[in-house]
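The values are calculated or read from the model by the stated rules, or taken from the named source; none is laboratory data. As the structure is a prediction and not an experimental result, all values here were calculated from the model. We place every Cβ from the backbone using ideal geometry, glycine too, and count neighbours over all the protein chains shown. The area values use the complete protein model at the heavy-atom level, side chains included, leaving out ligands, DNA and RNA. Shrake-Rupley method; radii C 1.70, N 1.55, O 1.52, S 1.80 Å.
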Amino acid sequence: MINNLRITIIADKQEQVLIANELNATLPQPQIGYYESQADFEKWVKLYNCDFLIAQETLVNRAFYTRLSPFLELTKIPLLILKDATGFQSMKNRVIKELVKDPGNEYLKQLSPFISQLIDEQLTVTGQSKILFLEDEEIDITFIKRKFIKLNPQYECDVVSSIAELRKQVGEKKYDLIVSDFNLPDGTAFDSIDIAKTADIPIVIATGQGSEKTAVELMKSGAADYLIKDKNMGEHMLILPSIVKTVLNFKKLETYNSGLLEMLQIKNQDLERFAHIIAHDLRSPIASCILLIDTLQMLGEDLPADVQETMGMLTDLSHNMTNTIEGIFQYSVLDSQADDLVMVDMGKAAEEALQNLKIKVDECGAIVKIEAMPKINASYVQMVQLFQNLMGNGIKYRGDKTPELTVRSFEQGNEQIFAVNDNGIGIAKENHKKIFEIFSRLHNSSSQYEGVGMGLTIVKRIMERHNGRIWVESDLGMGTTFFVAFKGV
Ligand code: ADP
């Protein structure tokens, strides 16, 4: 059985004592961590730091399984659920197992055999991890060969004694981890780190005592962890298994994360393709529908008023649908259509937005004042869109007044802020958050204000992409000011 197994337990106090007594008596030097609740566990535990999880079923919920399962599957850390005989069905699978408790606590006797069996099983699934030791001191080599390899059959280990040998060995065989001494006959651990980085293998460095500063430097250059050498006959090596497991699991989680990111990118591309399909394939049938309804309306001039009214409603609905589709399309292609971040003259972007709104401005005689504004690092296309959406809303939600808009900019802290102010109908305080949600509107489609509730969602997304923030100051009847803030002035 593996030494120093790191076992994490989520159980109430009474159960903790029972389990700990049993495990300490039956396993070789287990390191046991305790949590009394799922929340505590989720807050503190670092999964890559443990080998085995035990959880009392009554203390965890379904979300616990859902969140944990992929990580357990990946790291092959087994989870043992202690069930009350009456408990609900948990989620058994390859890594999650159950043990039913009994009133006489006989189940405790089954714990250690169960743990050993599960660890062995996972070992057969994962296969041996391959570790390459770079060590030139006889005493440490002896320790690695006599103790580490014997006590940790889950690792396949090789030992080399110089940087040159390391380079050669890494080229010949695939390793999961390198453990390197600091001083070597033909270089130092910084050379080992370079080799490990090139081969994309995590590396742990063994440094001399009192060299914590060097350790920090090593970590900065890319070491995954370090261990301080003990003068007493390689005893520091005793903690090596824990470090090795942590680093290996960390690497797995890292790979898993980058896999997730890749998946997310693919999903986003799918979404974009989907948006194109919507835009192209749905836009034209709806346009045809509108045309047909128009024709019907022309042909049916003599039809009863209520039928004509229904046809009018149909036209409005179809227009609305076209706008919604257009909005979804614009939102989903935001990222891919954005140009690179360059120095953007924000005054020029606002002027272009105003030009795009010319028809609307002329319709209502809006007065728009654009003050002098600085240049910032941004996407030009998106800055035009941002001003266009905000200024467009200022004109649209004008109520009975002639719209008066001011666009200005100022510095605050380390942020450059741009503000678009109008004298329109205003927004009640309780809606200040809601308006940024997708499809969220404060007016229904039959009101005087047309729209689909995408404009501010798009602006918010643009600000997220620029690492900035957006907020509104307004109240009913008081006019509205939208603020967008860009970091790093
Ligand atoms: P849309 O204008 O298509 O409804 P937006 O996302 O641009 O979508 O705006 C969401 C809601 O926020 C609008 O329906 C409106 O009620 C409110 N709103 C946005 N801008 C203003 C403004 N300048 N003045 C008053 N209300 C506004």
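For the reader, a short list of remarks on this structure follows.
Listed here are the residues, each with its yes/no results for (1) touching a residue at least 12 places away in the same chain (Cβ under 8 Å); (2) within 22 Å of residue 442 (Cβ to Cβ).
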site	(1), (2)
351	yes, no
362	no, no
374	yes, no
378	yes, no
390	yes, yes
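- Helices (runs of 4 or more DSSP H) fully within segment 299-371 counting 3 or more residues that are touching a helix residue (DSSP H, G or I) at 6+ places or on another chain (Cβ under 9 Å), open to solvent by 70 Å² or more (accessible area, probe 1.4 Å) and at pLDDT 85 or above: 346-356
- Checklist (1) over 18 Å from residue 188 (Cβ atoms); (2) of a type outside the set (Asp, Glu); (3) surrounded by fewer than 16 Cβ atoms within 10 Å (Cβ to Cβ) applied to residue 154, failing item: (3)
- Scoring residue 361 on the criteria (1) within 17 Å of residue 449 (Cα to Cα); (2) within 13 Å of the ligand (Cβ to nearest atom) leaves a single failure, condition (2).
- For segment 372-404, a residue qualifies if it is surrounded by fewer than 16 Cβ atoms within 10 Å (Cβ to Cβ), farther than 20 Å from residue 423 by Cα and of a type in the set (Val, Ile, Thr), but none of them does.
- Qualifying positions in segment 143-159 - under 18 Å from residue 229 (Cα atoms) and of a type in the set (A, V, I, L, M): 144, 159
- Scanning segment 172-182 for residues that are in contact (Cβ under 8 Å) with a residue 24 or more places away in the chain and outside any loop (DSSP other than H, G, I, E, B) returns 177, 178, 179, 180, 181.
- Residue within segment 445-465 that is over 31 Å from the mean Cα position of the chain (by Cα) and modelled with pLDDT of 95 or more present: no
- Residue match in segment 114-126 (condition: modelled with pLDDT of 90 or more and open to solvent by less than 10 Å² (accessible area, probe 1.4 Å)): no
- Unmet criterion (only one of (1) within 13 Å of the ligand (Cβ to nearest atom); (2) not in a strand (DSSP E or B); (3) not basic (Lys, Arg)) for residue 402: (1)
- For residue 468, the conditions (1) closer than 24 Å to residue 375 by Cα; (2) touching a Gly at 6+ places or on another chain (Cβ under 8 Å); (3) among the small types (Gly, Ala, Ser) all hold with the exception of (2).
- Verdict on residue 295 being hydroxyl-bearing (Ser, Thr, Tyr) and in contact with a Lys or Arg (Cβ under 9 Å, 6 or more places away or on another chain): no
- Of the residues making up segment 236-274, those that are hydroxyl-bearing (Ser, Thr, Tyr) and free of Cβ contacts under 8 Å to residues at least 60 places away in the same chain are 255, 258.
- Yes/no for residue 89 being modelled with pLDDT under 80 and touching a strand residue (DSSP E or B) at 6+ places or on another chain (Cβ under 7 Å): no
- Of the residues making up segment 97-155, just one is part of a helix (DSSP H, G or I), in contact with an Asp or Glu (Cβ under 8 Å, 6 or more places away or on another chain) and of a type in the set (S, T, N, Q), namely 112.
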